[in-house]
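The values are calculated or read from the model by the stated rules, or taken from the named source; none is laboratory data. The shown structure was predicted, so the numbers you read here are calculated from the model rather than taken from an experiment. Positions of Cβ are backbone-derived with ideal geometry, glycine not excepted, and every protein chain shown enters the neighbour counts. Please note that ligands, DNA and RNA were not included when accessible areas were found on the heavy atoms of the full protein model with its side chains. Shrake-Rupley method; radii C 1.70, N 1.55, O 1.52, S 1.80 Å.
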Amino acid sequence: MKYPFSAVVGCEYDPTTASGLDDMGLALVLSSISPEIGGVLVRGEKGTAKSTTVRGLAEVLPWIEVRDGDRFSADPHDPAATSPDLLASSGAVVSRPVRLVELPVGATEDRVLGSLNLEKALTAGAVEFEPGLLARAHRGVLYVDEVNLLHDHLVDLLLDAAATGQVTVERDGVSIGHSARFVLIGTMNPEEGELRPQLLDRFGLTVEVAAPRDPALRVEVVRRRLAFDRDPAGFVARYAASQAELTRRIALARERVEEVTLGEAAMLKVAEVCAAFEVDGLRADIVTARTAVAHAAWAGRRFVTRADIRAAALLALPHRRRRNPFDAPGLDEKLLDEVLGDDELPEPPPEPDGPTDPTDGPEDSQDPSEDPASPSDGSGADAGSPDEVPTDGRDDVPEPAGAEADVQAPSAPPAPHPPGEGSSSTVAAESAYRPRLFTVDGVGRGTPGRRSRALGASGRRVGATRAGGTGTLHLVETLRAAAERYATGSTRGPGGRFALAAVDLRTAVREGREANLLLFCVDASGSMAARRRMVQVKTAILSLLTDAYRRRDKVAMISFRGTDADVTLPPTGSVEVAAALLDELPAGGRTPLAEGLLTAADVVRRERLRDDRLRPLLVVVTDGRATSGADAVDRSRLAAAHVAAMRVPSVVVDCEEGPLRLGLARILSGHLQAEHVPMARVSATGLVDVVNGRVA
């Protein structure tokens, strides 16, 4: 038994006023009224009832009619709707609840799209298509929990289906297509990593949720949850009336949405709002207009008003204003109100019977709603309609304005007075630029990502192996192995029929992409701060973080200064946290080089214990002058030999400058078995080139 949608604090629907929904509840309801909006992305910290609310939504959605036996849920009242289940066309029309289909993060491509029915293929020799999750979600809700962790090739499949409303399967001797129109809902915790922009833009609406800070509200949440756990049936019964009324209002709004008029003045105001906030493309205008129409239908109005546009903008625009992955989503409500103005939009004229002057119509608007109260304005933000506006195909992070990644490095600002060894200073990175793609040599078996070649459960099929593990069945190779044994008579069943055995089973070997660990070991001593090298280093790291954001890499950073080394950033996939910590990294003091290398070795060792498939790249930025503690230089060389024995791919960036050079960094690179790169090649762009040249 599911927790009632109306029982979630913030989603208490009041039938008398048609209000009470918070931002998340309103966004979910509006997307259910008009699925063309493009779905909802719910962002928030753990334990904020994201999944509970989404799962409760399906319980309040109106039932749909389908033909009995139709696995593809085609609308029996739509003459254009077709179903691959031909026999279903003659089945009786029945009503059933809307399905909430959950897409697991670890789902395979076969499970999502559908595939050949292996049981019938192997036992009866029949070629029959087994529908996947997208077919089950047609005319329902597709829910992706932890959508930011979904593998990229599954994301591409999902985006194609959401954009076209169709699924086409061409595989294993099967060629089939079917409709797949659904309300797409995703939830995520930003601490676990952000979405890449291509997927982010596909969500029509986005809301930010957080646990209430008011103790009274927190107590009410706990009270309701405990009451549900004690008596689920009784708790659900108490909210039955509000659930039923909410279902009725959603059904009524769906009927009204086609009758709502989006007047010229309203469309112009939507365009003004989107232009004022400098959103990219026209998808934002389309989503905002559709959301405003759905909001008006929900409120019982016959035309779109200023309040509808305001509510829609707060839900559809904030995430589209992000210029790079480290910008926090949000919208300036004061600016929004200034653009909307204080005057209500004029009521559109009634539909004319013949040609009329488009300027005719009343100047002042009257709200003709049967229910004058409207739901509270929503706030939130994310993504775009899955159709209408084509994109240029790029799924990269937007480049900062004016950045010329491969032309020249950003110029450093004038150097301040150099601090002494006992002092420290903090400098910020300059604007990030787009680095070139770099990969680790060889073929790994790491966590799915978008960088280096790797063998795994996804990607293109490159071979087959004996069944074992979690790989998908390779049908052709399975039948071939059985056929080879058939020639000897060992695979023949009763009557000499062809028979399969467990030894014949083969699983597919696939080649895709993996994520890597970028581990920066940064000299933050006084000599680095004196020559403003930290600005260059921080800018390069920020650029690589931006690239890692898109490619699902882990990143980590160690800084050493004074007498010790600190793990400034433990290995993480949340590059937003990394970018925030980067600017706060201080510089100054002596150089404990040995401690920095040993700390890096310890980080690599711990990560290998967690996941021995994750391949790291260590980038040491130093002049090689170990100055902290007794025998500092000798200890640094022993530490380097220890890292080399661990077979960690490394690069030493030599920061030593001036006419008199000791060459300590070159000697260090020999002990580390790493590539040595002079400081002359280290500008912000140069450091990235060094990394690219080492691992490409």
Note: among ARG96, ARG111, just one is surrounded by fewer than 22 Cβ atoms within 10 Å (Cβ to Cβ) and more than 20 Å from THR168 (Cα to Cα), namely ARG96
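Among residues belonging to the range 35-45 that are in contact with a Lys or Arg (Cβ under 7 Å, 6 or more places away or on another chain) and open to solvent by less than 10 Å² (accessible area, probe 1.4 Å), point out the one that is nearest to ALA161 (Cα to Cα).
So in the range 35-45, the residues in contact with a Lys or Arg (Cβ under 7 Å, 6 or more places away or on another chain) come out as 35-38, 42, 44.
Keeping just the survivors that are open to solvent by less than 10 Å² (accessible area, probe 1.4 Å) gives 37-38, 42, 44.
On the way: ILE37: 15, GLY38: 12, VAL42: 20, GLY44: 26 Å.
If we take residues in the range 35-45 being in contact with a Lys or Arg (Cβ under 7 Å, 6 or more places away or on another chain) and open to solvent by less than 10 Å² (accessible area, probe 1.4 Å), then GLY38 is nearest to ALA161 (Cα to Cα).
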Leading residue by the ranking (farthest from SER175 (Cα to Cα)) among those in the range 72-86 that are of a type in the set (A, V, I, L, M) and open to solvent by 80 Å² or more (accessible area, probe 1.4 Å): ALA80
Go through the range 48-101 and count every residue that is among the aromatic types (Phe, Trp, Tyr), in contact (Cβ under 8 Å) with a residue 60 or more places away in the chain and farther than 14 Å from ARG181 by Cβ. 0
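Every residue in the range 69-79 that is small (Gly, Ala, Ser) and within 34 Å of the chain's Cα centre (by Cα), please. Give the derivation first.
Here is the first cut: in the range 69-79, the ones small (Gly, Ala, Ser) are 69, 73-74.
Within the range 69-79, SER73, ALA74 meet the criteria.
Among the candidates VAL643, VAL688, single out the residue that is among the β-branched types (Val, Ile, Thr) and modelled with pLDDT under 85.
Numbers: VAL643 fails: modelled with pLDDT under 85.
Just a single option satisfies the conditions, and that option is VAL688.
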When the residues of the range 279-293 are filtered to those that are more than 15 Å from PHE203 (Cβ to Cβ) and in a helix (DSSP H, G or I), which remaining residue is least open to solvent (accessible area, probe 1.4 Å)? ALA292
Being surrounded by fewer than 17 Cβ atoms within 10 Å (Cβ to Cβ), of a type outside the set (S, T, N, Q) and under 29 Å from GLY330 (Cα atoms) narrows it down to one residue among LEU268, LEU226, LEU262; which is it? LEU268
Residues satisfying the stated conditions in the range 559-589, i.e. open to solvent by 40 Å² or more (accessible area, probe 1.4 Å) and either assigned to a helix (DSSP H, G or I) or modelled with pLDDT of 85 or more (or both): ARG561, THR563, ASP564, ASP566, VAL567, PRO570, GLU576, VAL577, ALA580, LEU581, ASP583
Among (1) farther than 25 Å from ILE176 by Cα; (2) open to solvent by 10 Å² or more (accessible area, probe 1.4 Å); (3) in a strand (DSSP E or B); (4) modelled with pLDDT of 85 or more - the single one GLY20 does not satisfy: (4)
Step by step: first the residues of the range 597-621, then only those that are out of contact with any Ser or Thr (no Cβ under 7 Å at 6 or more places or on another chain) and in a strand (DSSP E or B), then the one that is surrounded by the most Cβ atoms within 10 Å (Cβ to Cβ). Which residue is that? VAL621
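Which members of the range 623-652 meet the condition of being assigned to a strand (DSSP E or B) and farther than 19 Å from ARG608 by Cβ? Walk me through it before giving the result.
First, the residues of the range 623-652 that are assigned to a strand (DSSP E or B): 650-652.
VAL651, VAL652, listed by residue number.
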Across the range 550-568, which residue is nearest to the chain's Cα centre (by Cα) among those that are within 18 Å of ASP611 (Cα to Cα) and free of Cβ contacts under 8 Å to residues at least 60 places away in the same chain? VAL555
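So how many residues does the range 182-192 have that are crowded, with 21+ Cβ neighbours inside 10 Å and out of contact with any Pro (no Cβ under 6 Å at 6 or more places or on another chain)? Working first, answer last.
So the first thing to find is which residues in the range 182-192 are crowded, with 21+ Cβ neighbours inside 10 Å, and the list is 182-188.
Now narrow it down to the ones that are out of contact with any Pro (no Cβ under 6 Å at 6 or more places or on another chain): 182, 184-188.
So the count comes out to 6.
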Residue hits (the range 46-71; farther than 24 Å from THR164 by Cβ, touching a helix residue (DSSP H, G or I) at 6+ places or on another chain (Cβ under 7 Å) and open to solvent by 10 Å² or more (accessible area, probe 1.4 Å)) are GLU59, PRO62, GLY69
Looking at the range 138-174, which of the residues that are of a type in the set (D, E, K, R) and closer than 22 Å to PRO84 by Cα is modelled with the highest pLDDT? ARG139
Considering only the range 264-307, how many residues are in contact (Cβ under 8 Å) with a residue 60 or more places away in the chain and acidic (Asp, Glu)? 3
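For the condition open to solvent by 10 Å² or more (accessible area, probe 1.4 Å), touching a residue at least 24 places away in the same chain (Cβ under 8 Å) and within 30 Å of ARG320 (Cβ to Cβ), what is the one hit in ALA253, ALA241, ALA233, ALA210? Walk me through how you get there before you give the answer.
On the way: ALA253 fails: open to solvent by 10 Å² or more (accessible area, probe 1.4 Å); ALA241 fails: within 30 Å of ARG320 (Cβ to Cβ); ALA233 fails: within 30 Å of ARG320 (Cβ to Cβ).
Answer to the selection: ALA210.
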From the set of residues in the range 654-685 that are closer than 21 Å to GLY526 by Cβ, out of contact with any helix residue (DSSP H, G or I) (no Cβ under 6 Å at 6 or more places or on another chain) and aliphatic (A, V, I, L, M), which is modelled with the lowest pLDDT? VAL682
Selected residue (criterion: farthest from the chain's Cα centre (by Cα)) from residues of the range 482-508 that are open to solvent by less than 40 Å² (accessible area, probe 1.4 Å) and modelled with pLDDT of 80 or more: THR507
